[in-house]
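The values are calculated or read from the model by the stated rules, or taken from the named source; none is laboratory data. All values reported here derive from a predicted model rather than from experimental measurement. Using ideal geometry, Cβ is built from the backbone for each residue, glycine included, and neighbour counts are taken over all protein chains shown. Just the protein is used for accessible areas: all its heavy atoms, side chains included, with ligands, DNA and RNA removed. Shrake-Rupley method; radii C 1.70, N 1.55, O 1.52, S 1.80 Å.
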Number of protein chains: 2
Amino acid sequence: MRKRNRALVIAAARQSGQPSRTEIAKLTGLSHSTISAIASGLIEEGTMREVGQGDAVPLRRGRPQVALSLNPDAASVVCLYLSFNSLSVALVDYRGETIAIRKHRIPTLEMTRDELLDATIAAVRDLAQGQRGFLRIACAVQGITDSAERELLWSPITPLSALPFGPALEDAFGVPSPVQNDCNMMAVALRWLNPERYSDNFIAILLSHGIGMGLMLNGKMFSGTRSSAGEFGHMVHEPGGALCRCGRRGCIEAYAGNYAIWRRASGKGPDEKPVVDIEAGEMEKLAELARREEGPARQAFREAGRAMGYGLGNLFALIDPAPVAIVGQGTAAFDILEPEIRCALAETAGGQHAEAISFETLPSATPLILHGAAMTALTGLDRDVFAPGLRTSRQAEPSPKERSAQFSRMA
Amino acid sequence: MRKRNRALVIAAARQSGQPSRTEIAKLTGLSHSTISAIASGLIEEGTMREVGQGDAVPLRRGRPQVALSLNPDAASVVCLYLSFNSLSVALVDYRGETIAIRKHRIPTLEMTRDELLDATIAAVRDLAQGQRGFLRIACAVQGITDSAERELLWSPITPLSALPFGPALEDAFGVPSPVQNDCNMMAVALRWLNPERYSDNFIAILLSHGIGMGLMLNGKMFSGTRSSAGEFGHMVHEPGGALCRCGRRGCIEAYAGNYAIWRRASGKGPDEKPVVDIEAGEMEKLAELARREEGPARQAFREAGRAMGYGLGNLFALIDPAPVAIVGQGTAAFDILEPEIRCALAETAGGQHAEAISFETLPSATPLILHGAAMTALTGLDRDVFAPGLRTSRQAEPSPKERSAQFSRMA
DNA sequence: TTCTTTTTTTCGAGGCTCGAAAAAATGGGC
DNA sequence: GCCCATTTTTTCGAGCCTCGAAAAAAAGAA
C-alpha cells in the first residue's frame, strides 16, 4: 500500500519536474499528511530533494511552496538504440535528464553475433566510463523481440537471429537490461511528452526503410503474447502481392517502405528483391518528383498511401480510431501520402469517420526512441529499487498469489 | 482495501462454487484471519452462506472444512441476447445458476424502433414476473455497441441504428442495464468456463451468417476506444473485392459469412446482394457437397477459409498467436475450413508458427453468450453493490483522483 | 476417554491513510 | 517595524486493515 503510493509520488514528481508537496497531493489525490510522510521518507533516503523555490516565485501571500525534485544523483541509467548501421547510447540521470549521449556507426549487416554483442557492450562501457555506476540498461532495437525482453528474435538490420542482448549486457554490467522494440519505446515517449494527446489508446508508426508500429491499448504498451511488436508493416495488404523484405508477399511494407516506394518509382517490378538501404536524399528527390508531376514516382507514393490506409483501416476495425503519430524519415513525404491514406481508410470499416482521425508527424525518431527507453528504464528502477514489492510480476511466487491475481483480474 | 479483498473473496467463491475458508485463503493469498473476518461479514449481511460439508466429505482427521457458497437469494440478474429474429432472456441467481430461461421469435428486420425496445422490455417483464426483484440487466446484442454500453449503434438484425436499449431498460426497471456485443460476452464466458485455456489473451470468433469477434487482451475484454466489438469480419481481405453485407467491399465476411459461401457456391457473382438469411440445413447441405466432390461448393469453402486465414494472420501479426475459439453454426463445416485457414495463415507474418495455433470449436453460441452476459452482470453487481467503492470509473470524481489514475498507469 | 490433527476464530501488534489542529513562513496594511 | 491574514507543511490521534500467534472448536484415532 505504502509502496504503491510511493510509486505514485515518484511518478508525479517525474512527470511534473518540480512540484511542491501540495501539487503532489493534488496530482495523486492523496492527503497532505500522507504526502508529507512519504516525501520526508524519500528525502531522507536521498531519492528526492528540496530545491527551494523552484522556477516561478509565486507572488502570493502565505508560506511559499517548496519545490521538490527527484534527486538526479539517486541513480542513473543507460539507454541504447540499435538500428541499421547505427548504435546510439545515452546516460540519463534519475530525473530523466541526459548526461551524455553518443552515436556510433557500425556495419550491422556484416557483423557477427559476437561483434554485435561486443559492440553494444563496448558502447556502454565507453559512455559510462568514469561515471558513477548506472543501475539499469534499456535497450531499444529495430526488430522483433521476445516477450521476456531478453533477446532480439529477428531484425532487418542483421541476418542473424535470436541475439541475446539482455543476458549479454547483464553479464557485462550486472544490471537488469531489458530489450524492447523501438516502436514501443516511441509510444512510451509520446505518452510522456504529450499525455493530453497520447493517453490510453494510440498508435505510433515508424516510417522509414521499413515500417514498424507501437500500440498503446488500455493505457498499457501492447506487446503480443509471445514476441513483441505489432507487426503492422507485415499485415497482408494484397494476398500474394509484392515481395517484402521479410520474404513474404503482399505485406504493407512491401508497398509503403522506402525500398518499396523506390522500387515502384524506379519502374522495377514488384518481385524485384528489396534493396538494403536508400539515402534520405534519394527519397526526398522522389517525393519532390511526385509532387511535381504525374508519373511512376507519384504512383509509387499513391500505392504506398493506399497500402497504409487499408492497413490502418483494418487496424481501426479491430481497435477503433485513436490518435496516430507518424514518426521518422518517411514523414518528409507525408503530405503526398496523407490524401491517399485517408481515401483508402474511408473505404474500410475502421474508417467510418476517416476525416476525424488525427495524424501527427514527428520527423526524428532516434531522440524519441532513446527518451522512451530512458523512461522505461527509470520506471523500471522505480518499481524494482525505489518502491519495490509492487507487482513483482516475474518473480517466482507461491501459487496462491498467482491465483489471487487471476481472480482479481476476473473481478 | 477491504473492498478489494471482499471482491477477491466473492470472485473466488463464484469461481469455485463451494470453497471452505481455507480454500479461499489459498486461492486469494490472503491470511486465514482476514478471510475469517471478511467471510463472517459477508455471511452476516447475507451475501454468503455456510452450506455444511459441501459435496465431498473428506475422510481426514481434524475439524472438517465448512463449505461456503454465495447466497443464491442475495440477488438475481436478468441477461438477454438479441440476435437475428430471436430474443433470449434468462433469470440468473447470485451464484450464477439459471432460474428461468425463455426464447422469443421476433421479426427483428421488420420491427420499428419502439417495437424492438418494447419487445425486450416485455420479454424481461414476462420472465421476471412474480420473481423477486433483479438488480441488473445485461444485454448482449449482435452488432456494434457504443463504448459507454448504452446503445446498439449498428446491427445486421435491423436497418435501424442507435437503438438505446440501455436507457430503455433502465427506465423500465430502474436497474443498470449495460449493452454489450455478443462476441465479447462469448469471450467472457469462455474465460469462466475454461480459465486454463482461455486466460489473458485469446480470441473468440462467432461464425454464422456474419462473422464477429471478441478479443481478450492482457486479461481484459478489449473493446475499442469509441464503439465496441473488434470488427474482425470487416477487416479488408481483398481491396475492392466481394460485396459485403455492410455495403463495403472485400471484407472477410464477404468471403466467409454464410451468405458469402452460399453466394459463391450457388455460382452467383461477388457483386450479388447478400441474402438475409440461410437455413442451417442449407449450409449443412453445402458442406456435405463440398466434402464429397470438387466444385463450386468446395471452392466456396476454400475461399472462405483463405479469407479467414489471412485475416487471422493479420490479427496475429498485431497481437501474436493466442488460443482461438470458433463458435456457432459455422463450426459444422470447420473440418473443411481448417486446412485452408492454416494454409493461408502460413503465408502471413502472424502465421510463422501456424501449426502451433490451436482452434477449439463450440457449436452453440447462445448459451455461451447468455452465460457471459450473466457473469458480466454478476461481477458488475459485485463491483457496485457487494464491494462498492472499488474502481468507480465512471463516477464523477474530482480531477485529483483522475490524475492519480493517470500516474498510476504510467508507473 | 484422551490424543492428534485440521479448521476457524480471537487477539494484539504494526502499518497505513486521513482529518484536524498546530506550526512555519511569508506578504500586506497600518 | 509590527501584527494579521494567508498559505504550506508538519504533527498527532482516530480508525481501518492485515497478519501472525495462540486459542478454541470439531472431528477421527487409539
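Overview of results
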| item | result |
| --- | --- |
| Rounded Å value of the spacing that divides the Cα centres of the range A:11-52 and the range B:1-75 | 40 Å |
| Over 23 Å (Cα to Cα) - which of B:103/B:220; A:103/A:285; B:3/B:26; A:3/B:220 fall in this group | B:103/B:220; A:103/A:285; A:3/B:220 |
| Cα→Cβ-extended label distance, 7 Å offset, between residue A:131 and residue A:32, nm | 4.0 nm |
| Exposure ranking of A:63, A:306, A:132 by accessible area [1.4 Å probe, largest first] | A:63, A:132, A:306 |
| Residue mean of other protein chain beta carbons inside 10 Å, B:237-250 | 2 |
| Mean Cβ count within 10 Å, highest first, over the residues of peptides A:73-85, A:287-299 | A:73-85, A:287-299 |
| Alpha-carbon Debye profile of the protein assembly as shown, log10 I(q)/I(0) at 0.10 Å⁻¹ | -1.18 |
| Peptide A:4-12 - average C-beta neighbours from other chains (10 Å radius) | 4 |
| Within the accessible area of the range A:170-218 (1.4 Å probe), percent carbon and sulfur | 44 percent |
| Surface per residue (accessible, 1.4 Å probe) for the range B:2-70, Å² | 54 Å² |
| Teacher prompt: residue B:247 distances to equivalent labels in other copies, 7 Å Cα→Cβ, nm | 4.4 |
| Rounded tilt (10° steps) of A:280-292 against the dominant C-alpha axis of chain A | 60 degrees |
| Pseudo-label separations to other copies for residue B:118 - Cα-to-Cβ vector, 7 Å, nm | 8.4 |
| Over the range A:2-70, relative contact order from alpha-carbon pairs under 8 Å, at least 6 apart, % | 38 percent |
| Shortest-first nm distances, residue A:358 label point to equivalent points in other copies (7 Å, Cα→Cβ) | 4.3 |
| Per-residue mean of C-beta atoms belonging to partner chains within 10 Å, peptide B:132-143 | 0 |
| Mean accessible surface per residue for the range B:264-398, computed with a 1.4 Å probe while every protein chain stays in place, in Å² | 44 Å² |
| A versus B: buried accessible surface, summed, Å² (probe 1.4 Å, to nearest 100) | 5600 Å² |
| Dimensionless Rg ratio for chain B, taking C-alpha atoms and the 2.2 N^0.38 Å reference | 1.07 |
| In nm, spacing of pseudo-spin labels at residue A:338 and residue B:103 (7 Å Cα→C-beta vector) | 5.3 nm |
| Local electrostatic count at residue A:251 - Lys and Arg +1, Asp and Glu -1, tallied over other residues with Cβ under 11 Å | -1 |
| Mean Cα-pair separation over length for chain A, i.e. relative contact order, pairs under 8 Å, 6 or more apart, % | 13 percent |
| On Cα atoms only, tilt of B:296-319 relative to the major axis of chain B in degrees | 50 degrees |
| The protein assembly as shown, helix-only ellipticity at 222 nm - DSSP H runs n ≥ 4, -39,500 (n - 2.57), divided by all residues, nearest 500 | -12500 deg cm²/dmol |
| Cα centroid of the range B:291-330 to Cα centroid of the range A:138-163, whole Å | 31 Å |
| Burial ranking of peptide ranges A:159-166, B:165-172 (average Cβ count within 10 Å, highest at the top) | B:165-172, A:159-166 |
| Heavy-atom accessible surface of the range A:231-357: percent carbon and sulfur, 1.4 Å | 50 percent |
| Straight-distance crosslink candidates among aspartates and glutamates, where the alpha carbon sits under 16 Å from residue B:273 and sequence neighbours closer than 8 are dropped | B:253 |
| Helix B:113-128 vs. chain B, principal-axis angle (Cα, 0 to 90°, nearest 10) | 40 degrees |
| Convex hull of Cα atoms in the range A:231-357, direction-averaged projection (nm²) | 7.3 nm² |
